[in-house]
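Here's the structure we're looking at; comments come further down.
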Amino acid sequence: MSTAVVIPLKQFSRAKSRLRLDGALDVTAIVEGLARGVVIAAKPRPVIIVSEDDDLAAFADSLHVELLLSRSTTLNEALQSAYLELSDRFTHLIIAHGDLRFPGGLGAVDVESGITLYGDHRGEGTNVMVLPTNLDFRFAYGPNSLARHIEEAQRLRIATRVELESPWRFDVDEPDDLSASPT
């Protein structure tokens, strides 16, 4: 069974608009550091960065991971396209956001039958998702993505496990998220 970790990333200098409201933060450096930590934590599995930004090629090369360029205009479109393209190469994908505060263990996550959804600390978003390929799965990131991904799994009649207490529940969207604790 082959599994890859897919990490969607925006251009670092444009990512995290809510975090940028705090003018005292070097958001570009924070975003790059978080993404680097997620990529490193995802190894030894193959890692594929999905982005619209050609400039991320140097970042991907520096970490010895693949960059899959997407001309899609939304996160959901980019992931849908990547999912379809990667289904020929992998039996499972782990979709992980590049802004996880505590990404340790991503490369060793258990791949079980069905879909596993790791919710955010608010119980609303989907920070990490493990799913088999070759499904008619429709990504639904955005507000309340966790509930929408559960509904999608139900539509497909796929067994689904939801985890709300993993360290991956902490992502960074606002300045207060930078002080989150894994406990």
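Readers should treat all values here as calculations from the given coordinates under stated rules, not as data from a laboratory. Note that the structure is a prediction, hence the values are computed from the model and not measured. Using ideal geometry, Cβ is built from the backbone for each residue, glycine included, and neighbour counts are taken over all protein chains shown.
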- Message: Under the 0.36 nm per residue contour assumption, what length would be gained going from the current alpha-carbon distance of Asp110 and Ser81 to full extension?
- Response: 8.0 nm
- Message: Quick check for you: which residues of region 152-183 have the amide N under 20 Å from the point 7 Å beyond the Cα of Ala24 toward its beta carbon?
- Response: 172-181
- Note on the structure: If amide H atoms are modeled at 1.01 Å from N in the peptide plane, then the residues at a separation of 5 or more from Val6, or on another chain, having amide H under 5 Å from its own are Ile48, Ile94, Ile95, Ala96
- Message: As a test, work out the antiparallel percent of DSSP beta bridges whose residues both lie in region 3-177, rounded to the nearest 5.
- Response: 40 percent
- Task: Tell me what the chain gives for mean residue ellipticity at 222 nm when only DSSP H runs of n ≥ 4 count, each as -39,500 (n - 2.57), the sum divided by the residue total, rounded to 500 deg cm²/dmol.
- Result: -8000 deg cm²/dmol
- Query: Cα centroids of region 124-164 and region 1-37: how far apart, whole angstrom?
  - Reply: 22 Å
- ³J(HN,Hα) computed for each position of region 89-102 - Karplus, 6.51 cos²θ - 1.76 cosθ + 1.60, integer Hz, glycine/proline x: 9, 9, 8, 9, 10, 10, 9, 10, 5, x, 10, 6, 6, 10
- Can you give the alpha-carbon Rg of the chain over 2.2 N^0.38 Å, where N counts its residues? 0.96
- Task: Step through the residues of region 152-165 one at a time and calculate ³J(HN,Hα) from phi using the Karplus curve (6.51 cos²θ - 1.76 cosθ + 1.60, θ = phi - 60°), rounding each to whole Hz and writing x for Gly and Pro.
- Result: 5, 5, 5, 4, 7, 6, 9, 4, 10, 10, 10, 10, 10, 10
